[in-house]
1. Pairing the Cα long axis of helix A:193-202 with the longest principal axis of chain A, what angle in degrees results, from 0 to 90 and rounded to the nearest 10?
2. Under a crude label model (7 Å from the Cα following the beta-carbon direction), how far is A:E83 from B:E157 in nanometres?
3. Among the GluC sites (Glu not before Pro) within segment A:40-118, which fall in a DSSP loop and have no more than 10 other Cβ atoms within 10 Å of their own Cβ?
4. Using the structure shown, list the pairs from A:K84/B:K262; A:K84/B:K269; A:K23/A:K65; A:K79/B:K262; A:K102/B:K269 with a Cα-Cα distance above 26 Å, or answer none.
5. Please give the residues of segment B:167-181, grouped as numeric ranges, whose backbone N is less than 19 Å from a label point set 7 Å along the Cα-to-Cβ vector of B:E240.
6. Taking a virtual spin label 7 Å from the Cα of B:E263 along the C-beta vector, which residues in segment A:33-77 bring their backbone nitrogen under 19 Å of it?
7. Counting other Cβ atoms within 10 Å, keep those with at most 12, restrict to DSSP loop, and tell me which trypsin sites (Lys or Arg not before Pro) in segment A:218-279 are left.
8. Report the trypsin sites (Lys or Arg not before Pro) located in segment B:1-85 that are in a DSSP loop and have at most 16 other Cβ atoms inside 10 Å of their Cβ, or state none.
Number of protein chains: 2
Amino acid sequence: MKWINYHNVLVVGLGLIGGSYAKSLKRLGYHIMAVDSNPESIQFALENKIIDEGAAENIEELVSKADCVILALYPSIAKDWVEKYQQYFKPGLPMTDVTGVKSSVVYGIQEILREDVEFISAHPMAGREVSGVKNSDDRIFRNANYIVVPTDKNTDEGISWCENLGRILGFDRISILTPEEHDNMIAYVSQLTHCIAVALMTSNDNDHLAEYTGDSFRDLTRIANINENMWTELFFMNKEPLLENMDMFINEFKRIRDMIEKEDSEGLKEKMRLSTKRRAKFDKNK
Amino acid sequence: MKWINYHNVLVVGLGLIGGSYAKSLKRLGYHIMAVDSNPESIQFALENKIIDEGAAENIEELVSKADCVILALYPSIAKDWVEKYQQYFKPGLPMTDVTGVKSSVVYGIQEILREDVEFISAHPMAGREVSGVKNSDDRIFRNANYIVVPTDKNTDEGISWCENLGRILGFDRISILTPEEHDNMIAYVSQLTHCIAVALMTSNDNDHLAEYTGDSFRDLTRIANINENMWTELFFMNKEPLLENMDMFINEFKRIRDMIEKEDSEGLKEKMRLSTKRRAKFDKNK
């Protein structure tokens, strides 16, 4: 499944990530078609040559021209879209997505999918604190992770097509995880950190402290600037692994709190040494 | 108390911050003297022309030459140093410090201080994740906050001397807070965030997740790389405000956790909107 054979790419949902996929693939010479329920997004993308063709309604014709499909919708509506429009898909078409949670999305779509098309799920771990096609930027894929999340319904050919997409988009690291592995990982490295940043901002009526802030607080709360509709949906759709990680964090935070209360110097230093050692492995250049 | 009248500056404790003060003031033409219990730090600073004179022992002569003193010691030993060496201070000498906690330090030093010298406390809110004079760098003061923390023992002249020091070091914003205001502020914007970063790193046996990490996790845990001796001391010396802020954070984090469990969509979105709104005020350019 060489990528070169999929000339007409259909991007479904033209937000920040859909728009960034479109920009990147158009630069590589693909014919980019996009559908989005918001006509302004389509118009903006056409005017700015982010896409070649687009439509906000009567999208059947565009769908039927697609050689492959990239679902860049909110996870809650992805399945409905597939149910409604898969009748127009070309036979053999490969489809992928960009959703940040997997178990609750992938199995459902694969269950209702036509037998002659293949859905290979992927998570491009890139983003910005702003949303919408106007803020799309294909440089966000550089130095970022791309995770292919196959199930036993996927073929080697489909998985390799999906990996290649990540490669041509410019991602640095491409990995393969099961939906469950993915969801546990994302609960920890992304969702938990967003919950922490929000709680830190809302735990204190802190506006008056802004002028005293240093870089560490600013870094830690950058992601407290959050798209509430998308993240609420992502949290609920990954509830079990997220709650498990939140509880793990609360327990650990309380242990550290109690060490401070009791002035357990050795215990606290041991935590700090462990944290320093682990953190070193997370540096980009390691 | 014009700064120009204080030619011989004595830096007590030549670590990251002491060394950065030395570099900055030497560049401005002051005669920089330093004392540190570690002879290697003194030797490094002399060889690299960070200081003009230095000593690790028999420091009385240097102390007696000082026109002003900058205490850059760990907070737990600052008072002992003053008690031992203030007999060599010139009459009228102004002294400041760089300590990150105030109530537990300032009052104690002012209590035992000679009547004819003045201690005006200050907190340069700048740092790096590395320590020692070898890593000192006077550029860390740019875009940073400098807080003067006077008590009723301080004179207008002394406060203005201390503010001027912050100005010539190159700090962006200079503020005045009481020791109690300072300690509450620092418990929230600095100490709480360090506790969170450490707990996040140590709550999960997470080494295998490093390769999937995005920038948000990396930003949030940058400060999990922590000098355990200094921070343990700072936490214990600011225990009451820190525990108060930790408890506030735990309660808020649990509220958010429960909203996710109950799928309270409106409640959670309200938290995210508040967090986004507040976070905007913390951006550097606002």
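1. Approximately 60 degrees, to the nearest ten.
2. 8.3
3. Details: sites: A:E40, A:E47, A:E53, A:E57, A:E60, A:E61, A:E83, A:E111, A:E115, A:E118; in loops: A:E57, A:E115.
When the GluC sites (Glu not before Pro) of segment A:40-118 are filtered for loop state and at most 10 Cβ neighbours within 10 Å, A:E57, A:E115 remain.
4. Numbers: A:K84/B:K262 31 Å; A:K84/B:K269 29 Å; A:K23/A:K65 19 Å; A:K79/B:K262 24 Å; A:K102/B:K269 22 Å.
Long pairs (Cα-Cα over 26 Å): A:K84/B:K262; A:K84/B:K269.
5. Once the point is set 7 Å along Cα→Cβ of B:E240, B:177-181 turn out to lie under 19 Å by backbone N, inside segment B:167-181.
6. Counting only backbone N, you get A:74-77.
7. Numbers: sites: A:R218, A:R222, A:K239, A:K254, A:R255, A:R257, A:K262, A:K269, A:K271, A:R273, A:K277, A:R278, A:R279; in loops: A:K262.
Those satisfying the criteria are A:K262.
8. Working: sites: B:K2, B:K23, B:K26, B:R27, B:K49, B:K65, B:K79, B:K84; in loops: B:K2, B:K49.
Of the trypsin sites (Lys or Arg not before Pro), the ones in loops of segment B:1-85 whose Cβ has at most 16 other Cβ atoms within 10 Å are B:K2, B:K49.
Since every read-out is calculated from the coordinates, none of them should be taken as a lab result. Owing to the predicted nature of the structure, the values given are computational and were not obtained by experimental measurement. So basically every Cβ, Gly included, is an ideal-geometry build from the backbone, and we count neighbours across all protein chains shown.
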